[in-house]
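Enquirer: To start, I am sharing the structure in question, which I have written as structure tokens.
The values are calculated or read from the model by the stated rules, or taken from the named source; none is laboratory data. Predicted model only: the values in this text are computed from it and were never measured. Glycine also receives a Cβ, built like all others from the backbone with ideal geometry; neighbour counts cover every protein chain displayed.
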């Protein structure tokens, strides 16, 4: 099953649209609640990062019998140092994003904690792609 969503820069009102929809689908498919929670946390963090740090992008979700494969690809400034960005508390969020309660520097670390596979690729001035896989067993 394939699902696609569009992420719009600065659209915090709709942050979580993709993760909420995926949650509903996984519940309907009978996926274990603890797996659903991991998927939702990781996908939500990726969505918020694309909204807060980039100029929009796409969320692509493929649900298979034994796993879910998620890709969040944005057009944005890119991440110059992925290892640094993976550190808890490191953030490049603008003050106005932080004022809304986002940008605490937990996005990538929370993704890492909740997925079985995380691949982050980024090119400065082009954008970032976050690929995540959560196994159902």
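Enquirer: Kindly indicate whether any position in region 25-39 is in contact with a helix residue (DSSP H, G or I) (Cβ under 7 Å, 6 or more places away or on another chain) and under 22 Å from residue 120 (Cβ atoms).
Expert: Looking through region 25-39, at least one residue is in contact with a helix residue (DSSP H, G or I) (Cβ under 7 Å, 6 or more places away or on another chain) and under 22 Å from residue 120 (Cβ atoms).
Enquirer: Find the residue count for region 122-137, including only residues that are at positive phi and in a strand (DSSP E or B).
Expert: Qualifying residue count, region 122-137: 1.
Enquirer: Name the residue that is nearest to residue 49 (Cα to Cα), counting only residues in region 109-121 that are outside any helix (DSSP H, G or I) and touching a helix residue (DSSP H, G or I) at 6+ places or on another chain (Cβ under 6 Å).
Expert: Within region 109-121, the match that is nearest to residue 49 (Cα to Cα) is 120.
Enquirer: Something else: With (1) at pLDDT below 95; (2) under 22 Å from residue 5 (Cβ atoms) as the list, and residue 96 as the residue in question, which single condition is left unmet?
Expert: (2)
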